[in-house]
Amino acid sequence: MFLTFYNSLTKRKQPFTPSHPGRVTLYCCGVTVYDDCHLGHARSYLGWDVLRRYLRWRGYVVHYVQNFTDIDDKILNRARAEGTTMAAISERYIQRYFEDMHRLNVMDADEYPRVTEHIEAIHELIGQLEAKGYAYAAGGDVYYRVEQFADYGQLSGRSLATLQAGASGRDLAATAKANPADFALWKGAKPDEPAWDSPWGPGRPGWHIECSAMIRARLGATIDIHGGGGDLVFPHHENEIAQSQAANGKPLANYWLHNGMVTVKGEKMSKSLGNFTTIRDLLEGRWPEYPQPVDPMVVRLFVLQGHYRKPLDFTKDAIAAAINSWQTLKAGLLFGDHHGAALGWSVAPLQSSLQELSLDNPWVERFQTAMDDDLNTPGALAVLFELAKGLQREGNRLVHEGKPQSRPDVLLQQWQTLLHLSQVLGFEAKANGTAGDLDEAAIADLIQQRQAARQQRDFAMADDIRDRLAAGGITVVDQPDGEVRWHWQ
Ligand SMILES: Nc1ncnc2c1ncn2[C@@H]1O[C@H](COP(=O)(O)OP(=O)(O)OP(=O)(O)O)[C@@H](O)[C@H]1O
Ligand SMILES: [Zn+2]
């Protein structure tokens, strides 16, 4: 079995071979830090988190770098609106980025370079491009001369001729560009804007140059994998390639991976369209469609139930389905906590390492086959759900019939397999203390409210309360005699 990725550069699935055996260099474009992250961002970084976890699980040492764009018009506008500095805005949203990602159990990157820390490296790169004839200064700006780079369009498939035909005369008139397809490497300072000194006069870097400079500074000329959202293919990634390859004389990345968009009614979720839901609003019960706290693992499940390259529509139904699925998976993950003692297990949950799990374990094999196939997380999750459902059935037998069908050691192995494989996808269940957890008084209260709603034939309200209980891990069972029982899932 070998690992394959769909490479956007070659437009086909390819076996993965890193430049140095056993080691992987990975760079993913990071956020522009002017506001809270929405679910589109969550998808992107959850996706790369799983890529990274999976590479590690496959035995690679991964060096993962993700930038923060901390120089940008949007940050500047926000700073102006709040009467503060770009640095203060960036700092705030970098901290909030970490809070959000930690809640989603996204592992920290090895390095988080910022543009403001790489001004020198950017100057050096622009200087080299200029010396090689790929860049020219004009009107206080510096532009990349696209015509000079024969491979322009290799990633996006857009030819220079089409780009030129599509560019309006206005583009050219508004700047000092020689050709409408050229793009800014350095933007001359405008009055009242933060500016950095440079050999071309004061100003600030264009957007694309930052990634080329940071990749070279932190990871070298050629990296194994470059990731980012599909919306970045053109112009951002095309321009990264043009800059890096022209300056270094080597390819920028051997594999390009792009995630599909989170959409709302078919449109990309984005700040500019105003159709976004932030991660924290969803987790903290402020999404009007589902005004209850959502477990961060539900977000992870919502994302991973789709293949990373496909669009993913954010709807109430999709979240409700993920809530249900998480209850199943969580019950499986907590099987040992709930039933281990009754089964006479003495082994602490994660004591056995993966190596100790039998290699011909069919679940591990199926999981790996799915993930090796361009990170087929829906396929991998199907394996986890099969395990979780089997354990849940056995838990019920144990509770209701006094003993399970399978031997306790077989169940132990299944449970440990489930824990291990879930961790590869970043799923962890806590027995207590998750956002949705309720204490017994609150449960009794909600059950009473549900009964009252049912008596008033307000079934929508009754269902909402049952969902709220389910989100807290409680199953409500209506007895034929009208009694209501509940149990932890
Ligand atoms: N709706 C989305 N679905 C999936 N990925 C997204 C979505 N929106 C942004 N991303 C990805 O998140 C990463 C960070 O994006 P960035 O900070 O540039 O946001 P953006 O695209 O400007 O978003 P917005 O337009 O909402 O501000 C990029 O890789 C981008 O492709
Ligand atoms: Zn980038």
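Descriptive notes on the structure:
- Options N239, N254: the member that is touching a residue at least 60 places away in the same chain (Cβ under 8 Å), within 16 Å of ligand 2 (Cβ to nearest atom) and either open to solvent by less than 10 Å² (accessible area, probe 1.4 Å) or assigned by TED's automatic domain parsing to the domain that holds G133 (or both): N239
- Within region 29-43, residues that are in contact (Cβ under 8 Å) with a residue 40 or more places away in the chain and within 16 Å of ligand 2 (Cβ to nearest atom) have Cβ atoms under 8 Å from residues that are hydrophobic (A, V, I, L, M, F, W, C) and in a strand (DSSP E or B) in these pairs: G30/F68; V31/F68; V33/F68; G40/V262, counting only partners at least 6 apart in sequence or on another chain.
- Region 273-308: number of residues that are open to solvent by 20 Å² or more (accessible area, probe 1.4 Å) and in contact with a His (Cβ under 6 Å, 6 or more places away or on another chain): 1
- When region 196-218 is limited to residues that are open to solvent by less than 30 Å² (accessible area, probe 1.4 Å) and touching a His at 6+ places or on another chain (Cβ under 9 Å), the one that is nearest to ligand 2 (Cβ to nearest atom) turns out to be C211.
- For G83, the stated conditions do not hold, so it cannot be described as away from ligand 2 (no atom under 16 Å from the Cβ) and more than 25 Å from K271 (Cβ to Cβ).
- Enumerated helices (runs of 4 or more DSSP H) restricted to region 27-111, each holding at least 3 residues that are buried (at least 18 other Cβ atoms within 10 Å of the Cβ) and within 11 Å of ligand 1 (Cβ to nearest atom): 39-57
- Selected residue [at pLDDT 95 or above, assigned by TED's automatic domain parsing to the domain that holds G227 and farther than 22 Å from D373 by Cα] from V50, V33: V33
- Some residue of region 154-163 being within 16 Å of ligand 1 (Cβ to nearest atom), under 29 Å from P311 (Cβ atoms) and in the same structural domain as K74 (by TED's automatic domain parsing): yes
- Listed by position, the strands (runs of 3 or more DSSP E) inside region 153-256 whose residues that are touching a Leu at 6+ places or on another chain (Cβ under 7 Å) number at least 3 are 223-229.
- Single match in D372, D409 (criterion: among the acidic types (D, E) and either open to solvent by less than 60 Å² (accessible area, probe 1.4 Å) or in the same structural domain as L55 (by TED's automatic domain parsing) (or both)): D372
- Sole residue being among the polar types (S, T, N, Q) and within 30 Å of V24 (Cα to Cα), chosen from N275, N239: N239
- Any hit, region 323-336, residues being among the polar types (S, T, N, Q), assigned to a loop (DSSP other than H, G, I, E, B) and either away from ligand 2 (no atom under 16 Å from the Cβ) or at pLDDT 95 or above (or both): no
- Matching residues, region 439-489, being under 23 Å from G395 (Cα atoms) and surrounded by fewer than 12 Cβ atoms within 10 Å (Cβ to Cβ): D439, E440, V477, Q479, R485, H487
- When restricted to residues that are at pLDDT 95 or above and open to solvent by less than 50 Å² (accessible area, probe 1.4 Å), region 383-406 contains 10.
The values are calculated or read from the model by the stated rules, or taken from the named source; none is laboratory data. All values derive from a computational prediction rather than experimental measurement. Methodologically, a virtual Cβ is constructed for each residue, glycine included, from the backbone with ideal geometry; neighbour enumeration extends over all protein chains shown. Protein only, heavy atoms only, side chains kept; ligands, DNA and RNA dropped before computing areas. Shrake-Rupley method; radii C 1.70, N 1.55, O 1.52, S 1.80 Å.
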